[in-house]
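The values are calculated or read from the model by the stated rules, or taken from the named source; none is laboratory data. These numbers come from a predicted model, not from an experiment. Cβ atoms come from the backbone with ideal geometry, glycine included; neighbour counts cover every protein chain shown. Ligands, DNA and RNA are stripped out before the accessible areas are found, and what is left, the full protein with its side chains, is counted by its heavy atoms. Shrake-Rupley method; radii C 1.70, N 1.55, O 1.52, S 1.80 Å.
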Amino acid sequence: MSVTDDAELSLWKYSDSLGALPDEYDGMSDEERLKRTEAALDELDDVVILGHNYQRHSVTRHADHLGDSLQLSRLAGEADARNVVFCGVTFMAETADIVTDDDQRVVMPSMEASCPMAGMAENIQVDGAWNELTEVVPGEDVTPVTYVNSYASLKAFTAEHGGTCCTSSNASDAFDWALDQGEKVFFTPDKYLGHNTLHELGYGDDDFVIWDPWEDELGGNTPDEVRDATFILWEGFCQVHERFGASDVADVRDAHPDVNVIVHPECRREVVETADYTGSTSTIIEKVENAPEGSKWAIGTEIHLTKRLARQNPDKDVFGLCGEECSDCNAMRQIDPDFLVYVLEEMRDGNIVNRIQVDEDEKRLAEKALDTMLSV
Amino acid sequence: MRTEVLVVGSGIAGCSTAIRAANRGADVTVVTEATSPDDTNTGWAQGGVARRAPDEDAEVFIDDVLEAGGGVGDEDAVERLVREGSRAVDEFLVEEVGVGFDTNGDGFDLVREGGHSTDRILHDGDATGRAVQRALLRRLGESDARVLEGHTAVELVGDRGVDGALVADTDGEAFVVEAGATVLATGGVGDVYGRTTNPEGATGDGVALAALAGAEVSDTEYVQFHPTAHAERGFLLSEALRGEGALLVNEDGKRFMPDRHEDAELAPRDVVATAVHETNRDGQAYLDLSPVFDSTEFAEEFPTAYDNLTDEELESGRVPVAPSEHFLCGGVVVDENGRASVERLYAVGETACTGVHGANRLASTSLLEGLTWGLRAGEHAAENAHEPPAVDRESDAFNGEMPDGFVDAKFDRLQNVMWENAGPVRTEDGLREARAELQRLRGEVKSYARGRLDPELYALRNAVLVGLLIVEAALENEETVGCHRRVGTPAED
Ligand SMILES: Cc1cc2nc3c(=O)[nH]c(=O)nc-3n(C[C@H](O)[C@H](O)[C@H](O)COP(=O)(O)OP(=O)(O)OC[C@H]3O[C@@H](n4cnc5c(N)ncnc54)[C@H](O)[C@@H]3O)c2cc1C
C-alpha cells in the first residue's frame, strides 16, 4: 500500500470486524480484493456506488461519484439505480434513503460507520431538552435548526417544531431564516459550527448559551441565561475538527510563513479566527484547485480529503494542518474495502445486507426539514 | 514493565491463578481495577461453594451440573470441576488459603440449594464470598506476586498472539506490561444490562479484549437472570426468602405465580424470572415479605437482606422486584488449562467458557469453576511463560475534551436496548433491532475511545461489544434452552 493512498492509522492492533464479516474475507491481498470487487461490479448493472470525500482511496476508486454528504444525497436522489451503495456514515445513508424512491435500496458496507457527532444528539435527549427549554421560553419563539450531520430522527424533530436543516455552507442563511420565524435559534448538534455562524452574522459571545445535555438542569444554564440568549447551541462537536487548535495554525505559520490556512467551520472558533479562509468541503476543494501554482495550503479538515487534494494538485504544496493521526475520521474508516467486496458479492448473489431504512413517519418529516432548507 | 505472568483481575479466578503461578516460581503481576474486596463478584457471592459431599458418588454431582445446564454442558469439563475442583476446595481454599467455612459438630455445615440432589454446599453465613475474597487477598499479599490495584487493562498488545496489556491508572496514565502469558480474570457483565446483581464495573472487559484479539468467544446467549432482585437498588433477594414463604404479587396485591406453575413462587428460576419480567412490562411486581417476618427471626436469618432494605420496606414488607442480570455462562472459549484460542492468552472464571455451565448454571458452582481453572491456568502459565518479547507500541492518545456524563448517557442507551431485547425474554425482531442499534453505537463509541485513554470510555467500548456478542449469539440460537428464552416465530425473510 502506498503511503499517499491512505492514512493507515489505527490504534487497534487487531482487525475488529468480529463476525460482521465472514471469515473468507479475512486477509485478502490488495489484488484479490480489487479483482473480486470489479468482478462483482461487472455482474451488477443496477448499482451506483457513492463515496464520501473522507473515504480512503481503496474505497473511492470504485465509486461512481465522490462528494460531500449533501452532494451525495442529491446524487442518490437523481440516480435511477435500484441499489445505492453508500460509502459514508449512517446519517448520510439515511438521507439517501429519504431522497430516493421507495423501490431503491440504500446499503452501507459497514453498519458501524456511525458519526460520533450525530450520536451526541440523541432524540431522547433533544426531546427532553426541548421540553425543558419551552418551559422557560415559549415554544413559538424558538426555531430549531439542525445540521444535516445528524440522524434522521433529529431532522424529523426539527420539522415537527417548524425548523429547518442546514449544511456547513448555508448555515448563516438558515440562521437568518430562523430568526425571521422567531426570536431564538436552537441549533443541533455542532456547537462550533453554530458558534462560527453566529459570528459570521455579526453576533458575539454574549448572544449564545451552550446546552449541555449531560447537565441536570437547562443544559447547565440558568433560566435568565436561556431567556437572554439568541442562540442555544447543543454541546456536540466533530471528533476530527475539534482536534485542531490555534497553536496548530501558529505552528504551521512559523514553519511556512507564506502558507494559506483554510479550515472547515466545524473547527473551534479560535482556529477559524486565525485561519485565512473558512469553508465547507466543496469550498476548500475549489479554493485549492483555483489557487496559483506553487502556492502553499495547510488544510484543516479530514486527512483523506487533504491527501486527495495533494494528489490532484501536484503543482501546489498541500498538507494537513496537524499530523495525520489527529485528523483521521474513525467513523469513515469503518468502511473497510473488505466490507465493500462483501456487500457487493452478497448483492450479486441476491442478498441485500446492511440495508438502511428510515421509518416512514420519520422519513416524511425529515424530508420536510430538508426541503425547507432548500427553500431558505 | 515486564513480567512472566500477567493476571488481570483479583476475584477468585485471578487470585487462584496468581497465587498458584507465584508458588510455582513465576514472576507474577496482578493488574486489578478493584481497590476493595467488595469490588468483585466474588466478594458478593452469598450462597456458597459446592463441593462433592463426603461419601458422595461423583456421578451424582456431575449429573446435577449437566442437568442444570440443559444437557449441553461439556462432560469432561464437568467431571474435572467435580473431581478436581472438590479436592481444590479442601487443599487450596481451606488449607492453603484458610477460608473459614461454617462448621457444625460433624465438620463443615453443608446446605443444599435448588438443583442439588444432596447437601453439599460450604458457606459462611449468607456472605460466603466476603470470606473467600478476603482470605484470597490476604494469601495473595503474602505471595511474591506484584499487585497493582486500581489499574485497568485497556487493550491487549502483541502481534502473533498476546504479549501483555496496555494498562491505565486512575489518572489516565498508561503503560505497557509486557508478559509471557496473559490471564484474563475480569468477571461478569452486569453493566451491559444495568439491572444486575453484580457490583458496579462488571463490563465484560475480558470477553471484549479477547474477542478483539481474535480469540473465540461462545455461548454468550446464556445469560442467567436472577428472578428477584430489588427493582431499584439491584441487590439480590435470595430464593431462600421465597422458600420461607415470601409471595410474589402485582400492584394490586394479587399473586401471579399460582396461575403459571404448580410450584407457584418456588417454580424453577427461569419460570419465575419470566413471570416477574412480564408483570413488570405494564406494572410492578413486589415480593411480599410479611409471611417471612411472621415465620422467622428475619434480622438474624437474613442479615444481608435486612441491612439492604429501607425502614419503610421493613415496615410494609412490600419490596419492588425485577429480574436482574446475574451470571454469564458463556465467554472466552478455553481448554482444560484455561488457554484461549490465541497464543499466550488465558481466560478463567466468569470470563471464560469452560463448557461447565452449558446453557445454565447450577447454583454455587461458579466459585468452584473459577478456583479449578484458576489453579490450572496458574500452573500451566508458570510452566510455559517465556521471557516476554519487547512490545513496540507508542501511545497516541490525544485525550481530547469529552462532555461530562457522556459515558453514562451511552451506558443508559446500551442498557435499555439490552434489557428490552436481550433480557429474560427475546424475540427475533427485537434482537435484530438491537443488533442494528448496537452496531451504530459501537461505531460511535469506537470513535470516542480512539485516542483517549479514559478507562471509562474503554469500559463502555467493551460493554457495547459484549452486548453485541450476546445479541449475535441469541439471534443465531433460535431454540429456547437453559437461560436463553426465545419467543414468537421467526419473521419470514
Ligand atoms: C450477588 C451474587 C451472588 C452470587 N452467589 C454465588 C454463590 O453463592 N456461589 C457461587 O459459586 N457463585 C455465586 N455468584 C457468582 C460468582 O460470584 C461469580 O461468578 C464469581 O465470583 C466470578 O469470579 P471471577 O474471579 O471470575 O470474577 P470477579 O470476582 O468478578 O473478579 C473480577 C476482577 O477483575 C477485575 N477487573 C475487571 N475488569 C478489569 C480490567 N479491565 N482491568 C483490571 N481489572 C479488571 C475486577 O476489579 C475484579 O477484581 C454470585 C454472584 C453475585 C453477583
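Quick look at the values:
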quantity: Antiparallel DSSP beta bridges within the protein assembly as shown, as percent of all bridges there, nearest 5; calculated: 35 percent
quantity: Phi-based couplings in Hz for region B:30-47 (Karplus 6.51, -1.76, 1.60; Gly and Pro marked x); calculated: 9, 10, 9, 5, 5, 10, 8, x, 8, 8, 10, 4, 3, x, 9, 4, 10, x
quantity: Span-like helix ranges in chain B, DSSP H, alpha carbon extent 27 angstrom or more, Kyte mean at least 1.0; calculated: B:455-476
quantity: Dipole of the protein assembly as shown, positive end: most advanced residue of A:220, B:77, A:44 [Cβ charges, Cα centre]; calculated: A:44
quantity: Within 10 Å of each Cβ in A:105-117, the average number of Cβ atoms from other chains; calculated: 4
quantity: Long-range amide H partners of residue B:217 with built H, under 5 Å; calculated: B:333
quantity: 18 Å tail of the calculated P(r), region B:406-476, as % of Cα pairs; calculated: 33 percent
quantity: Alpha-carbon centroids, region A:176-243 and region B:37-92: separation in whole Å; calculated: 59 Å
quantity: Antiparallel DSSP beta bridges within region B:28-153, as percent of all bridges there, nearest 5; calculated: 55 percent
quantity: Size of the A/B contact, given as accessible area buried on both chains, probe 1.4 Å, in Å²; calculated: 3300 Å²
quantity: Cα-based reach from residue A:155 at 25 Å (exclusive), listing lysines while leaving out same-chain residues under 8 positions away; calculated: A:184, A:191, A:363, A:368, B:410, B:446
quantity: Kirkwood-type radius of region B:193-239, with distances r between different C-alpha atoms, in Å; calculated: 12.6 Å
quantity: Within chain B, helix-based [θ] at 222 nm, where runs of 4 or more DSSP H residues each add -39,500 (n - 2.57), nearest 500; calculated: -11500 deg cm²/dmol
quantity: Assigned charges on the beta-carbon of Lys, Arg, Asp, Glu; the protein assembly as shown dipole about Cα centre (debye); calculated: 1300 debye
quantity: Principal-axis tilt of helix A:69-78 within chain A, Cα atoms, nearest 10 degrees; calculated: 60 degrees
quantity: Cα principal axis extents for the protein assembly as shown, largest first, Å; calculated: 96, 65, 53
quantity: Between helix A:123-136 and chain A: long-axis angle, C-alpha atoms, 0 to 90°, nearest 10; calculated: 10 degrees
quantity: Of B:213, A:203, B:9, farthest towards positive along the dipole that unit charges on Lys, Arg, Asp, Glu beta carbons give the protein assembly as shown; calculated: B:213
quantity: For chain B: rounded, prolate or oblate by the Cα gyration tensor [a/c cutoff 1.5]; calculated: oblate
quantity: Cα gyration tensor, region A:263-376 - rounded (a/c under 1.5), prolate or oblate; calculated: oblate
quantity: Region B:412-438-region A:316-376 distance, computed between alpha-carbon centres (Å); calculated: 24 Å
quantity: Inverse mean reciprocal Cα-Cα distance (Kirkwood Rh) of region B:231-295, Å; calculated: 12.0 Å
quantity: Size of charge dipole - region B:406-476 - debye, nearest 20, with Cβ of Lys, Arg +1 and Asp, Glu -1, no other charges; calculated: 320 debye
quantity: Solvent-accessible area per residue for region A:118-239 (1.4 angstrom probe, square angstrom); calculated: 34 Å²
quantity: Computed [θ] at 222 nm, deg cm²/dmol, chain A (DSSP H ≥ 4; -39,500 (n - 2.57); rounded to nearest 500); calculated: -12000 deg cm²/dmol
quantity: Integer Hz, Karplus 6.51/-1.76/1.60 couplings in order for region A:360-376, x for Gly and Pro; calculated: 4, 5, 5, 4, 4, 5, 4, 5, 4, 5, 6, 4, 4, 4, 5, 9, 7
quantity: Size descriptor, Kirkwood hydrodynamic radius, that averages inverse alpha-carbon separations across region A:69-115, Å; calculated: 10.3 Å
quantity: Burial of 20 Å² or greater, region A:200-239 residues [accessible area, probe 1.4 Å, versus chain by itself]; calculated: A:214, A:237, A:239
quantity: More than 21 angstrom apart: percent of Cα pairs within region A:118-239; calculated: 26 percent
quantity: Percent carbon-and-sulfur accessible area, the protein assembly as shown, ignoring ligands, DNA and RNA, probe 1.4 Å; calculated: 41 percent
quantity: Chain B, relative contact order in percent, only Cα pairs under 8 angstrom and at least six apart counted; calculated: 23 percent
quantity: For region B:199-339, radius of gyration divided by Kirkwood radius, i.e. Rg to Rh on alpha-carbons; calculated: 1.07
quantity: Rg/Rh ratio calculated on Cα atoms of region A:241-328 (Kirkwood radius); calculated: 0.91
quantity: On Cα atoms only, tilt of A:337-348 relative to the major axis of chain A in degrees; calculated: 70 degrees
quantity: Gyration tensor (alpha-carbon) shape descriptor, chain A, a/c threshold 1.5; calculated: oblate
quantity: Value of Rg/Rh across region A:66-155 [Cα atoms, Kirkwood radius]; calculated: 1.07
quantity: Beta bridges per DSSP with both ends in chain B, % antiparallel, nearest 5; calculated: 60 percent
